[in-house]
Amino acid sequence: MRRKLAAGNWKMNGTRASLAEIGRIAADHGGAACEIMICPPATLIAAAVTAAGDAPVRIGGQDCHARASGAHTGDIAAAQLADAGASHVILGHSERRADHGESDADVAAKVLAAWSAGLVAVVCLGETEAERDRGETLAVIGRQLAGSVPEGATTANLVVAYEPVWAIGTGRTPTLDQIAEVHDFLRAGLTSRLGPAADGVRLLYGGSVKPSNASEIFAVSNVDGALVGGASLKAEDFGQIIAALSAA
């Protein structure tokens, strides 16, 4: 059985004062039936680990460089994330692909770096609104999956997150049938590469997930959790999503 995962991506939000939210999540949901992860800015990773205490709340990074070290001012290495206490790292998020021109090959190189440092890679895939309107969703997702996930993927080192670009932060979400179509497609694509082991890879949905729609999204086939943006910044909102996932 795949253990469900509620992952929060704080993006470029949060200061040390925000760590109290992690403390509340740890205190209120440490015994949840699902796995919990929060990915704060890199400046807060070590402090977030402390804020989580002994509760089973994992802390992740939001990106890493493909190189292990070197002259890359402003970047962060996967080993540095691990050294700060991170267990996961988000890679290939649409905001990285758009704002920094990251290609599938760039993402794949970062995934290998993450694995070398012992981190679980949360690989993000998703189509733009124009691509969906042209009927290219599955072609885009298939290309990103093939190009962004290198050889060596296992159930232990990979999580895949489907985030339609047009639904991130907009309040819009795909229909449940559209989510199911992509998640079933991803499961089939992983199975063609990994065989039966692919059944253990968790598939997350991301894109305007909030307390009001979480339960219906979590009932969709092959949705094993969520990658949550804005709603993960407050313990009250994220807690409701965690509760919905635990009950799914």
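Rule-based calculations on the coordinates, nothing more; no lab input. All values reported here derive from a predicted model rather than from experimental measurement. Glycine gets a Cβ as well: all are built from the backbone with ideal geometry, and neighbour counts include every protein chain shown.
Within the set of other residues whose C-beta is less than 13 Å from the C-beta of R24, count the net charge using Lys and Arg as +1 and Asp and Glu as -1.
Numbers: positive: K234; negative: E21, D28, E236, D237.
Net of charged neighbours comes to -3.
Can you compute the helix-only [θ] at 222 nm over the chain? Use -39500 (n - 2.57) per DSSP H run of at least 4 residues, normalise by all residues, nearest 500 deg cm²/dmol.
Details: 10 runs with 99 residues, N = 248.
-11500 deg cm²/dmol, from helical runs alone.
Please name whichever of G101, Q240, Q80 sits farthest to the positive end of the charge dipole of region 5-247, dipole taken about the Cα centre and charges placed at Cβ: Lys and Arg +1, Asp and Glu -1.
Q80
Show me, for region 177-191, the HN-Hα J-couplings you get by feeding each phi into the Karplus relation (A = 6.51, B = -1.76, C = 1.60, θ = phi - 60°), rounded to Hz, glycine and proline as x.
These are the phi-based 3J(HN,Hα) values: 5, 5, 5, 4, 4, 6, 5, 5, 5, 5, 4, 5, x, 5, 5 Hz.
Roughly how many whole Å is it from the C-alpha centroid of region 36-93 to that of region 125-204?
Each part's Cα centre sits 23 Å from the other's.
Treating only the Cβ of Lys, Arg, Asp and Glu as charged (+1, +1, -1, -1), what charge dipole size does the chain show about its Cα centre? Round to the nearest 20 debye.
The calculation lands at about 360 debye.
How big is the dipole moment of region 12-66 about its Cα centre under a simple scheme where the beta carbon of each Lys and Arg is +1, that of each Asp and Glu is -1, and everything else is neutral? Debye, nearest 20, please.
On the way: 3 positive and 5 negative charges, 23 e Å.
Roughly 120 debye, rounded to the nearest 20.
For a quick check of your reading of the filter: which trypsin sites (Lys or Arg not before Pro) in region 189-246 sit in a DSSP loop and have no more than 13 other Cβ atoms within 10 Å?
On the way: sites: R193, R202, K234; in loops: K234.
Sparse-neighbourhood loop trypsin sites (Lys or Arg not before Pro): none present.
What FRET efficiency would be calculated for the residue pair H100, A247, taking the C-beta separation as r and a Förster radius of 30 Å, to the nearest 0.05? Write out the running numbers ahead of the final one.
Details: r = 37 Å, r/R0 = 1.25.
Once the sixth-power term is evaluated, E becomes 0.20.
Using a Gaussian network for the chain with springs between C-alpha atoms less than 10 Å apart, which of these wobbles most: D184, D133, D199?
Maximum fluctuation in the GNM of the chain, among the listed residues, is at D133.
Mind putting together the pair-distance distribution for region 5-247? All Cα pairs, 5 Å bins, whole percent per bin, short to long.
1, 7, 15, 19, 21, 18, 12, 6, 1, 0
With +1 assigned to the C-beta of every Lys and Arg and -1 to the C-beta of every Asp and Glu, and no other charges, what is the dipole magnitude of region 77-153 about the Cα centre in debye, to the nearest 20? Provide the component values of the computation, followed by the final result.
Details: 6 positive and 12 negative charges, 35 e Å.
Result for region 77-153 is approximately 160 debye, rounded to the nearest 20.
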